[in-house]
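Worksheet for the structure shown next.
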Amino acid sequence: MFAVLKTGGKQYKVQSGDVLRVEKLAAQAGDTVQFNDIMMLGGDKPVVGAPLISGAAVQAEVIDQIKGEKVIHFVKRRRKHSSKRTKGHRQQLTLLRVTEILAEGGDKSGVKAAVGAGSVAGVAAAAAAPKTPAKKAAAPKAEKPKAEKKAAAPKAEKKAAAPKAAKADDKADDLKKLSGVGPALEKKLHEAGVTTFAQIAGWSAADIAEMDEKLSFKGRIEREGWVDQAKELTKG
């Protein structure tokens, strides 16, 4: 005997013992649910509903709540102002094992009806479900590291900013002596607070990376060897 049931906007042909995946239901693993929207019963004497069969039902045991395969949605618009967008999606599903097919008496079985998690009844059931206290207990512990990071942030900024600051007693050097530096680039360096070879000679790897990002040098400092040149010019 087989049945054709309807759930989540789809129809499934099932027999006792079949394992199937349906749109997510408001149930937990181990629960028994019942599908009351039966459209057809097959066997020696097939019965077709109009559109449903009164009293017929399919009962199933919830095995697990799972996710379907990942689907990539890519959109590209070829226009003057072109755009691209990529989104990934994994549909939430419920894995079931069909335990019994009832030709009649389904409305009096007492088994709770299968309800979609996205339906009004499913949302209400999820809201009424008790919340686990473990999440509440874990919340204060997670706040401590964040506070420490915020407190440590200003100190890190001060240390990183120290090598860049020019001293009041320093005299500005001719930065155009560095490879690839012209008047325009020298002006940018002055605006960033870099006026002497001594400053450049004392840059660390972190200072170089920060200056590259700040002035959009794209690796020019290391490529041109400014630090080594600045050391030589400082000696001279």
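Around the amide H of residue 173, modelled in the peptide plane, lie the amide H atoms of 196, 197, all under 5 Å away and 5 or more residues distant in sequence or on another chain.
What does the charge add up to near residue 179, with Lys and Arg as +1, Asp and Glu as -1, over the other residues with Cβ less than 14 Å from its Cβ? Here the charged neighbours net out to -1. Phi-derived couplings, Karplus 6.51 cos²θ - 1.76 cosθ + 1.60 at θ = phi - 60°, listed residue by residue for the range 177-183: 6, 6, 4, x, 9, x, x Hz, with x used for Gly and Pro.
The string of couplings for the range 10-20 from the Karplus curve (6.51, -1.76, 1.60, θ = phi - 60°) is 10, 10, 10, 9, 10, 10, 4, x, 5, 10, 9 Hz, one whole number per residue in order, with x for Gly and Pro.
For the range 2-131, a simple Cβ point-charge model (Lys and Arg +1, Asp and Glu -1, everything else neutral) yields a dipole of about 1720 debye relative to the Cα centre. Loop-located GluC sites (Glu not before Pro) in the range 13-95 (DSSP state not H, G, I, E or B) with no more than 14 neighbouring Cβ atoms inside 10 Å: 69. Phi angles across the range 23-34 convert, under the Karplus curve 6.51 cos²θ - 1.76 cosθ + 1.60 with θ = phi - 60°, into 3J(HN,Hα) values of 4, 3, 9, 7, 7, 10, 4, x, 6, 10, 10, 10 Hz, Gly and Pro given as x.
R0 = 30 Å: FRET efficiency of residue 82 with residue 179, Cβ-based, nearest 0.05? FRET efficiency, residue 82 to residue 179: 0.20.
Between residue 190 and residue 75, full extension at 0.36 nm per residue minus the direct alpha carbon distance yields a gain of 36.9 nm. From the Kirkwood radius over Cα pairs of the range 163-235, Stokes-Einstein at 25 °C and 0.890 mPa s returns a whole-number translational diffusion coefficient of 203 µm²/s. Remark: spin-label model distance residue 52-residue 104 equals 1.9 nm, labels positioned 7 Å along the Cα→Cβ axis.
Label zone (residue 171, point 7 Å along Cα-to-C-beta; backbone nitrogen cut-off 19 Å) within the range 194-215: 194-201.
As a proxy for reagent exposure, 226, 203 were ordered by neighbouring Cβ count within 10 angstrom, fewest first; the result is 203, 226. Ordering 1, 39 by the number of other Cβ atoms within 10 Å of each residue's own Cβ, fewest first, gives 1, 39.
Here's the picture: charge each Lys and Arg Cβ at +1 and each Asp and Glu Cβ at -1 in the range 163-235, and of 199, 178, 211 the one pushed furthest to the positive end of that dipole is 178.
Read the figures in this text as sums done on the coordinates, not as results from a lab. These numbers were taken from a predicted model, which means no experiment stands behind them. With ideal geometry, Cβ positions are generated from the backbone for all residues, glycine too; neighbour counts draw on all protein chains shown.
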